[in-house]
Structures are given as C-alpha cells and as structure tokens.
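Accompanying notes for the structure given below.
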Amino acid sequence: MAKNELARLTPDATTDAAVEVIMRDGGVIIEGLFDEVTIEGIKKDLDPVLDSVDTGHDAVFAGNRTKRASGLFARTEHMATIALNPLFRSVAQSILNKPINAFFGEESVPFPAGTHIGATMAIKIGPGQGSQPLHRDDSVWLWRHPTYQREARVQIMVAVSDFTAENGGTLVIPGSHLWDDERAPRLEEAVPTEMKAGSALIWIGSTYHGGGQNTTSDEHRFGLSTGYDLAFLRPEENPFLTYTLEQIRSFPEEIQRGLDWSSEHYLGWVEVGGQMSDPMDLLGRDDYTSTGAGLPGQV
C-alpha cells in the first residue's frame, strides 16, 4: 500500500485478509463487491426518495448541499443485500463478536458480545458541498482510544456512483484508529476514497473519516452506508420507531434479528406469560399487532 492511499482487495478476499488490512490501516476498499443489478436497483429505489427530501440545514456536518435518507430496509430490498453480504458480515463478526468469560456459579462460561445493525443512510453530496469535519463514529458512545479491548463498529460505504477526489469521495486517515484521544485529525492527513460504483469502503468506528468536498459543477456523489455495532450499544437509528411491525415481518429473519427483534445476546427480552421471551416469538403471533402498545393479553 502506498503511504497516501487505502489498500484494495477483491471480493474473493478471505475474511482474515480483509481483517488484517483493516486492523492495520483502519479501513480497506473492496473493489466490485456488488453487481450492477444491485447498484441499479438502489438507484431506481432511492433516487426518488433523495429527490424528495431537503438538504441538511447546516453547512458543517449535515451539509447544506447534501441529501440524506434513512430507514432503508423499508425503502429498497437491496439494503438487505448490502447488510448480508458474506464478506462484510464475516469481517464485522470477526472484529466485533469477541466473547468474554464470566462466572455462572463456579463455572466460567463465554458470553458472546453479539452485533446488531446500525444506522442506514443514503447520502448524495451535491456540487459545491464542503468537506465534512473529520470524526470517529464511535464517539457517539464516548469510546476511548486506542481501543485495546474491542472496536464498537464496523461500517460499510457502498459507492452507488463513482467516488472521486473531486466529487466528495469519503475522506479517511489511514492509521488513525491507532491514535489516542489527544491527537486531532488534520485535513491534509486524509486521503479520498476513489472507487467505481459497486465497490465499497469498509472501516472501523475508531478511524477518522468524513464526507469529502465536492468541487465539481454538476456531479453528485451517491453512497449508501450501514454498519454492524456491538449488540449492547444503543443503536443510532431507532429501529422500533423507524419501521412498522408489518415491515419488520416482511424482512428476512437475519435482518429482523439485526434490528434488535431478538434477545439472543441476553438483551432485549420481553415478558410474555411470566417468562422472559425472545421478541422473535411475537412476530409469529397473530394477536400481536403493534409495537409499543402492550403485549397480548395486557390491559
């Protein structure tokens, strides 16, 4: 890898190879990770959504020439394709799902960390948009660095359009995941993510990054992002208010569980009939009809 660029791998790279690069550099580009059908489907589904929303209302972080939309599992079936991509998912599990041992009585047993799906975001950076302040995503949980014990997030940014240095390709500071919390990021240390549509950047929550400056006159940079976070952290995007129960029931089971309709990691159970039950059981009950409105038989 050259000093001022991100390493690149192909979709047939092993999980171990991708993890090795990410933990060394803070991120990696996977070239051609998604096919043309997926990318064109995303455009067809989300172009009208982004055309209908306003830009951000500040020039600094949200961007007053940038459009964003979330709740993407309900807006395009291709969101599930992104989240369930085998390489991305395997990399996230390898980095995040590290168990710790705890005693149950006199026996020491492993407790898995678990993961859930983080925020979903479609982002179009318009001409004239300035660069976003460089930041770490794990700051929302007050994470401290260096992260000797565990990372909080593994994120993906899929290029729906080509990403270039001129149109706002995501800025990344390679190696910044190893910095402590006293070192500020400088724009001149960041490199733009340049990749063709269908390629993807995968990085970790401790890596400094930000949307790039769009210096073109007529070109929008279109990216789609989501991530896996540690299961015990509060999600940025609230899945229980973002999606209706009908929509949740329509998603693949892996997405349902990823959106916290599961208590497989000892968190998120619900009492039903005096028992601590998995919320997944409620999805199969005809008498459970709305979230947040009480369980069957409650008054």
I need the calculated FRET efficiency for the pair Thr10 and His57, taking r as the beta carbon distance and R₀ as 35 Å, to the nearest 0.05. 0.30
For Lys67, the lysines lying under 29 Å Cα to Cα, once residues fewer than eight places off in the same chain are dropped, come out as Lys43, Lys44, Lys124, Lys196
Radius 14 Å from Cβ of Gly223, net charge of other residues (Lys, Arg +1; Asp, Glu -1): +2
Enumerate the calculated ³J(HN,Hα) couplings along segment 196-209 in order (Karplus 6.51 cos²θ - 1.76 cosθ + 1.60, θ = phi - 60°), each rounded to whole Hz, writing x wherever the residue is Gly or Pro. 7, 3, x, 7, 8, 9, 10, 9, 10, x, 8, 8, 6, 7
Restricting attention to segment 158-238, which trypsin sites (Lys or Arg not before Pro) occupy a DSSP loop and are surrounded by at most 14 other Cβ atoms within 10 Å? Arg183, Arg186, Lys196
On C-alpha positions alone, give me the angle between the axis of helix 86-96 and the longest principal axis of the chain, in degrees, nearest 10. 80
Can you list the HN-Hα couplings for segment 249-266, worked out from phi with the Karplus curve (6.51, -1.76, 1.60; θ = phi - 60°), rounded to whole Hz and with x for Gly and Pro? 5, 7, 7, x, 4, 4, 6, 4, 5, x, 8, 6, 8, 6, 10, 5, 10, 6
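Largest first, how would Glu106, Glu166 line up by accessible area (1.4 Å probe)? Write down the numbers at each step before the final one.
On the way: Glu106 180, Glu166 95 Å².
Heavy-atom accessible area, descending, gives Glu106, Glu166.
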If you roll a 1.4 Å probe over the chain with all protein chains in place, what percent of the accessible area is carbon or sulfur? 51
How big is the accessible area of Val172 in square angstrom, nearest 10, if you roll a 1.4 angstrom probe over the protein chains? 0
Mean separation of Cα contacts under 8 Å (6+ apart) over length of segment 8-242, as relative contact order %: 28
So, R0 is 41 Å and r is the distance between the beta-carbons of Leu283 and Arg183; what FRET efficiency does that work out to, to 0.05? 0.35
What net charge is computed for the residues neighbouring Arg75, neighbours being all others with C-beta under 12 Å from the C-beta of Arg75, Lys and Arg scored +1, Asp and Glu -1? -2
Can you give the angle from 0 to 90° between the axis of helix 15-25 and the longest principal axis of the chain, with both taken from C-alpha atoms, to the nearest 10? 60
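When the helices in the chain are scored as -39500 (n - 2.57) per DSSP H run of 4 or longer and the sum is shared across all residues, what 222 nm value do you end up with, to the nearest 500 deg cm²/dmol? Before the final figure, lay out the partial values.
Values: 8 runs with 65 residues, N = 299.
My calculation for the chain gives -6000 deg cm²/dmol from helical runs alone.
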Unit Cα scatterers, Debye sum, segment 1-150: log10 I(q)/I(0) for q = 0.13 Å⁻¹: -0.85
Here the Cα Rg-to-2.2 N^0.38 Å ratio for the chain is 1.04
What net charge do the residues around Ser277 carry, taking every other residue with its C-beta under 11 Å from that of Ser277, with Lys and Arg at +1 and Asp and Glu at -1? -2
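The values are calculated or read from the model by the stated rules, or taken from the named source; none is laboratory data. Everything quoted here is computed from the prediction, not taken from an experiment. All Cβ positions, glycine included, derive from the backbone under ideal geometry; neighbour counts span all protein chains shown. Areas reflect the complete protein model, heavy atoms only, side chains present, ligands, DNA and RNA absent. Shrake-Rupley method; radii C 1.70, N 1.55, O 1.52, S 1.80 Å.
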